[in-house]
Amino acid sequence: MARTGRPETPLYLRFLAKFRIDPPTQCWNWTGAACRQGYGFLKRKDGVQLRAHRVAYELYNGEIPPGWCVCHRCDNPRCVNPAHLFVGTYRDNAADMVAKGRVARRPGERNPAARLTADQVRCIRSETGSHAQLARRFGVSPTQVGLIKRGKRWAHL
Ligand SMILES: [Zn+2]
C-alpha cells in the first residue's frame with residue numbers, strides 16, 4: 001500500500017522537543033518560533049498557528065474555557081511550564097499576586113494606577129474579542145482596552 005508523505009508527529013512530541021528548562025526560575029523557555037510579543041507558537045498540520053503556552057496548558061492542565069486567556073505567573077511570555085500558567089480573570093490574577101506578595105518591577109506595573117500585569121496587557125493586545133468583552137474579562141474600562149490596543153498605554157511592551 002502506497003503512503004504519501006511522512007506520518008504526522010503528534011503535537012505533544014513536537015511540543016516536548018522545543019523548550020529548555022531554566023533551572024533557577026523553573027521556566028520552560030520555548031526554543032521554537034515566537035511571535036512579536038514573545039509568545040512561542042507551533043503550527044498544526046492544517047497551518048493553524050497554536051500558541052505554545054496554550055498548548056502546554058491544554059496538554060497538562062486540561063481544556064481552556066472558550067475565549068479565555070492563559071496567563072503566566074512568572075511573567076515570561078516564552079515560558080511553557082504548565083505549573084507557571086493559569087486561566088483566569090483579572091480578579092483571579094490580582095488575588096494571586098496579593099497572595100504571593102509579588103512586587104511589580106516594570107514601569108507600567110510600578111504606576112500605582114496600573115491595574116493590569118504586563119502579561120495581561122500582552123493578552124489584551126493579542127486577543128480578538130470586542131473591547132467591551134475584553135474590558136469585562138480583565139476588569140478595566142473599554143476605553144482602557146482601546147488605549148492598550150493602540151499602544152497609547154503600556155507602550156514599552
Ligand atoms: Zn515560567
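The values are calculated or read from the model by the stated rules, or taken from the named source; none is laboratory data. Remember, predicted model here, so these are calculated numbers, not experimental data. Here Cβ is always computed from backbone atoms with ideal geometry, including for glycine, and neighbour counts include all displayed protein chains. Note: accessible area is taken over every heavy atom of the protein model, side chains too, but ligands, DNA and RNA are not part of it. Shrake-Rupley method; radii C 1.70, N 1.55, O 1.52, S 1.80 Å.
Amide H to amide H under 5 Å from Phe19: which residues, 5+ apart in sequence or cross-chain, H placed 1.01 Å off N in plane?
Thr31
Go through region 1-79 and name the GluC sites (Glu not before Pro) that are in a DSSP coil and have 12 or fewer other Cβ atoms within 10 Å of their Cβ. Mind showing how you got there, number by number?
On the way: sites: Glu8, Glu58, Glu63; in loops: Glu8, Glu63.
When the GluC sites (Glu not before Pro) of region 1-79 are filtered for loop state and at most 12 Cβ neighbours within 10 Å, Glu8, Glu63 remain.
Give a residue-ordered list of calculated ³J(HN,Hα) values for region 121-138 (Karplus: 6.51 cos²θ - 1.76 cosθ + 1.60, θ = phi - 60°; whole Hz; x for Gly, Pro).
3J(HN,Hα) across region 121-138, in whole Hz: 4, 4, 4, 4, 5, 8, 7, 9, x, 5, 4, 5, 5, 5, 4, 4, 5, 9.
For Asn61 and Arg14 in the same chain, what is the full-extension length gain: residue separation times 0.36 nm, less their Cα-Cα distance, in nm? Can you show the working numbers first?
Details: separation 47, 0.36 × 47 = 16.92 nm, distance 1.78 nm.
That works out to 15.1 nm of additional length.
Express in nm, to one decimal, how much length is gained between Ser130 and Lys149 on full extension, taking 0.36 nm for each residue of separation and deducting their alpha carbon distance.
Working: separation 19, 0.36 × 19 = 6.84 nm, distance 1.11 nm.
Stretched out fully, the Ser130 to Lys149 stretch lengthens by 5.7 nm.
Report the local net charge at Gln133: Lys and Arg +1, Asp and Glu -1, summed over other residues whose C-beta lies under 15 Å from its C-beta.
Numbers: positive: Arg125, Arg136, Arg137, Lys149; negative: Glu127.
Its environment carries a net charge of +3.
Once ligands and nucleic acids are excluded and a 1.4 Å probe is used, how much of Cys71 is accessible, expressed in Å² to the nearest 10?
About 0 Å², rounded to the nearest 10.
Could you derive backbone 3J(HN,Hα) for region 16-27 from the dihedral phi with the Karplus parameters 6.51, -1.76 and 1.60 (θ = phi - 60°), listing whole Hz in sequence and x where the residue is Gly or Pro?
Once θ is set to phi - 60°, the couplings for region 16-27 become 5, 7, 10, 9, 10, 7, 9, x, x, 9, 6, 6 Hz.
Note down the accessible area of His156, probe 1.4 Å, to the nearest 10 Å².
It works out to around 100 Å².
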